[in-house]
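The structure appears below as structure tokens.
The values are calculated or read from the model by the stated rules, or taken from the named source; none is laboratory data. All of these numbers come straight from a predicted model, not from anything done at the bench. Cβ placement follows ideal geometry from the backbone for every residue including glycine, while neighbour counts extend to all protein chains displayed. Keep in mind that these areas ignore ligands, DNA and RNA; they rest on the heavy atoms of the full protein, side chains included. Shrake-Rupley method; radii C 1.70, N 1.55, O 1.52, S 1.80 Å.
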Amino acid sequence: MASGQLSRAEALACKGCRHACHVMLYCDTKTQLFGKIPLRHIILMQMRFDGLLGFPGGLVNPSKETLEEGLGRELLEELGVAVPISVEDHVDSRYAPTPLPSSAPLIAHFYVKKMEEEQIIEVERAAVTTATDYGQEVLGMVRVPLYSIRGSAGLACFLSHSFIGHARSQLVDSLLRFGLVTPDLLHKALRHSLETHKDNAKDLRAALELTKAKGKQP
Ligand code: AMP
Ligand code: MN
């Protein structure tokens with residue numbers, strides 16, 4: 001088992017731990033961007049209430065429900081449609097960062113489920129129509145661009161955004177584990193992401209200057 005990872009049984013044996021379950025839902029697709037760039041797979045993530053990108057899911061209470069039942073309940077709230085998740089979809093469990101050192105340890109359980117393209121599209125529709133969390137805990141579903149255009153556009157730019165908890169490494173790990181992009185494309189995208197990150201920092205400093213200047217106006 002990789003460092004920091006816990007088996008499902010070890011995780012459940014932790015008394016006093018809190019548990020959160022999240023899932024990466026994805027499908028294959030033949031759709032092409034601009035009629036020529038294959039999208040290959042649709043992977044669903046979401047823009048969360050805290051401005052971070054993450055996977056659908058949330059806190060579960062293993063004393064009252066199984067991890068998978070709890071995840072199903074969270075998915076119904078966030079996606080507006082029932083998406084049954086089973087133990088076979090479990091990928092890993094590990095301790096997650098907690099906002100305060102004093103808060104109870106949090107174990108993040110991660111699942112990956114492959115679906116049909118029509119089901120993924122139904123989830124996207126339900127997420128903005130029937131989901132009770134839409135516009136509150138969930139600001140919108142997003143697809144992960146898996147291609148690279150002119151070096152940094154596409155996957156590289158996507159990976160340079162800010163993610164909750166382990167979401168970025170869960171995404172990167174799943175892309176490799178399930179063969180959704182080539183290791184070479186992913187490696188190059190991550191190198192470009194670091195560059196994009198530097199550009200973002202420059203851009204943010206310029207925006208900060210702008211707010212300072214505005215603040216001085218009468
Ligand atoms: P949520 O209700 O989705 O915000 O998730 C419940 C808890 O899990 C929160 O404390 C989040 O900070 C944390 N969390 C959310 N997504 C992840 C993730 N992908 N990896 C680790 N922790 C996460
Ligand atoms: Mn959530």
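A few comments on the model shown:
- Residue among 84, 62 that alone is without any contact (Cβ under 8 Å) to a residue 40 or more places away in the chain and either of a type outside the set (Lys, Arg) or part of a helix (DSSP H, G or I) (or both): 84
- Among (1) under 19 Å from residue 175 (Cα atoms); (2) open to solvent by 30 Å² or more (accessible area, probe 1.4 Å) - the single one residue 45 does not satisfy: (2)
- Qualifying residue in region 198-217 (condition: in contact (Cβ under 8 Å) with a residue 24 or more places away in the chain, open to solvent by 40 Å² or more (accessible area, probe 1.4 Å) and in a loop (DSSP other than H, G, I, E, B)): no
- Hits in region 136-166 (condition: assigned to a strand (DSSP E or B) and on the phi < 0 side of the Ramachandran plot): 138, 139, 141, 142, 143, 148, 149, 153, 163
- In region 38-52, of all residues being out of contact with any Gly (no Cβ under 8 Å at 6 or more places or on another chain) and within 12 Å of ligand 2 (Cβ to nearest atom), the one that is nearest to residue 154 (Cα to Cα) corresponds to 52.
- The condition (being among the charged types (D, E, K, R), open to solvent by less than 50 Å² (accessible area, probe 1.4 Å), at pLDDT 95 or above and more than 19 Å from the chain's Cα centre (by Cα)) is satisfied by just one residue among 65, 74, 118, 88: 65.
- Which numbered condition residue 193 fails, given (1) more than 16 Å from ligand 1 (Cβ to nearest atom); (2) loosely packed, with under 15 Cβ neighbours inside 10 Å; (3) of a type outside the set (Phe, Trp, Tyr): (2)
- Candidate set: region 134-151, residues that are aliphatic (A, V, I, L, M) and either away from ligand 1 (no atom under 14 Å from the Cβ) or surrounded by 18 or more Cβ atoms within 10 Å (Cβ to Cβ) (or both); chosen: the one modelled with the lowest pLDDT: 149
- The listed residue being closer than 16 Å to residue 44 by Cβ, in a loop (DSSP other than H, G, I, E, B), modelled with pLDDT of 95 or more and hydrophobic (A, V, I, L, M, F, W, C), out of 175, 180: 180
- For region 48-59, a residue qualifies if it is open to solvent by less than 50 Å² (accessible area, probe 1.4 Å), in a strand (DSSP E or B) and either within 7 Å of ligand 1 (Cβ to nearest atom) or out of contact with any Ser or Thr (no Cβ under 8 Å at 6 or more places or on another chain) (or both), and the qualifying residues are 48, 54, 57, 58.
- Scanning region 102-133 for residues that are away from ligand 1 (no atom under 13 Å from the Cβ), in a loop (DSSP other than H, G, I, E, B) and in contact with a helix residue (DSSP H, G or I) (Cβ under 7 Å, 6 or more places away or on another chain) gives 131, 132.
- The listed residue being part of a helix (DSSP H, G or I) and not small (Gly, Ala, Ser), out of 25, 44, 71: 71
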